[in-house]
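Quick notes on the structure that follows.
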Amino acid sequence: MISILVNRHLKRILALTFWLSVWQLCALKVGKELILPGPFAVVKALVNLAAQSGFWINTVTTIIRIISGYLLGVISAVILAILTCRYETADTLISPVIRVVRATPVASFIILALLWMGKSNVPVLMSMLMVIPVVWENITAQYKATDKNLIEMAQAYRLSDWKKFRYIYVPSAFPGFLSGCLTAMGLAWKSGIAAEVLSQPKAAIGSNLYYSKLYLETPELFAWTAVVVILSMLIEKIIRFLLFRGVSHENK
Amino acid sequence: MRISDLWFNYENKPIFEGLNLEISDGITCLMGESGIGKTTLLKLIAGLLEPQKGTIENEYKRISFMFQEDRLLPWLSVRDNILLVTDKHKEADELLSRLEIDGDLKISELSGGMARRVALIRCLLFDSDMLIMDEPFKGMDGKLIEKAAEIIKSQNKPTLISTHSLDEVKALSAEVITL
């Protein structure tokens, strides 16, 4: 077991080392930090950034914005999924809107939102809008795939609507909810950061990405991007842990 | 119970074409080869399917139905599966003990025969005035079949059971109708 874990970690480290080497070689070949800084230059820029208090304020503010949008999106998606699964009229009304939201480019929403609201709220709204269709679709797909045999059993034993909902439909839809939540986290990050880049609110990673590009500070641009990637992966791991811990607790 | 001129078909496959049947109170076993329509008839009597033509006169309206598949909720324990349809905690524990099942087990931990016994207990404890059971002893050995048959008989309810086994008919001391 331990050797399998060591092997797996070793493979990952080797893969990472390989790609970092490729990056470094490309940077050496290009020879201009302005166009392609190497990993060492990026790490140096990251260390310099981390030494400034502004870095942490920007990072924490962005995390709060994106997590707020994400949570609002998940809550809205659950409410909408319950409505659309339960009431045919709600399904007829809501489903096309969600499909339109899903198909609309995030940039269009950002530009529209900039006309309607304050800069700092745009990333929250964008994260929320990108989360809703994913979580909603996952829940409704699983809900519709609920085992017909169990529904017939509930009918035979005259289970109340509440019991059917609580003990059959919710557990059936729950795996869809979990996978939707995990997929949506990555989307929330991407859309939230894109919204920050375009709206440039105060104290935001996205705004700093934009300024780095504007002032041709390419190592900083890479460093901020690395921050986004690391945070996205870290928060996805935390959410995965929280959700699956909830499931195993429920199963005990 | 009287079934008159019953017609039923699945899409274009006819199952019953004018079936007439009288079933007395007590325990009745429905026998017949696979695919002849035993399960369909049980579901029609229970009201889970609607006949296309004909009538089923049954004075018993609250029917407990044991399906051919166990249809237990995998996310609930054995005891919670039973208590989903009844409030009879004490009776549930008593029957679980008689049929040698630990109520705290998860459904995934049950063998086929154990799951069948859980489905049987759920069916017996549902507040009903008639029992309909589709192959209730599937996966059980001789000794357990006898125990389960004794429990079914002790309910003193009109009971309709589909089976392929004459041993089960004997254990239930039941009347037989062959389709």
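The values are calculated or read from the model by the stated rules, or taken from the named source; none is laboratory data. This structure is a prediction, so every number in the text was calculated from the model and none was measured. All Cβ positions, glycine included, derive from the backbone under ideal geometry; neighbour counts span all protein chains shown. Heads up: the accessible areas ignore ligands, DNA and RNA and are worked out on the full protein's heavy atoms, side chains in. Shrake-Rupley method; radii C 1.70, N 1.55, O 1.52, S 1.80 Å.
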Options A:71, A:93, A:83, A:112: the member that is under 15 Å from residue A:185 (Cβ atoms), free of Cβ contacts under 8 Å to residues at least 24 places away in the same chain and not basic (Lys, Arg): A:71
Matching entry among B:13, B:90, B:53, B:106 (being open to solvent by 70 Å² or more (accessible area, probe 1.4 Å) and at pLDDT below 90): B:13
Residues satisfying the stated conditions in segment A:172-186, i.e. within 14 Å of chain B (Cβ to nearest Cβ) and out of contact with any Ser or Thr (no Cβ under 9 Å at 6 or more places or on another chain): A:174, A:175, A:177, A:178
Residues located in segment A:99-123, provided they are open to solvent by less than 30 Å² (accessible area, probe 1.4 Å) and touching a Leu at 6+ places or on another chain (Cβ under 7 Å): A:101, A:110, A:113, A:122
Any hit, segment B:121-133, residues being touching a residue at least 60 places away in the same chain (Cβ under 8 Å), assigned to a loop (DSSP other than H, G, I, E, B) and open to solvent by 80 Å² or more (accessible area, probe 1.4 Å): yes
Matching entry among A:95, A:68, A:21 (being crowded, with 16+ Cβ neighbours inside 10 Å and modelled with pLDDT of 90 or more): A:68
Some residue of segment A:244-251 being of a type in the set (A, V, I, L, M), more than 14 Å from chain B (Cβ to nearest Cβ) and open to solvent by less than 50 Å² (accessible area, probe 1.4 Å): no
Single unsatisfied condition, residue B:61 versus (1) touching a residue at least 40 places away in the same chain (Cβ under 8 Å); (2) surrounded by 18 or more Cβ atoms within 10 Å (Cβ to Cβ); (3) out of contact with any strand residue (DSSP E or B) (no Cβ under 7 Å at 6 or more places or on another chain): (2)
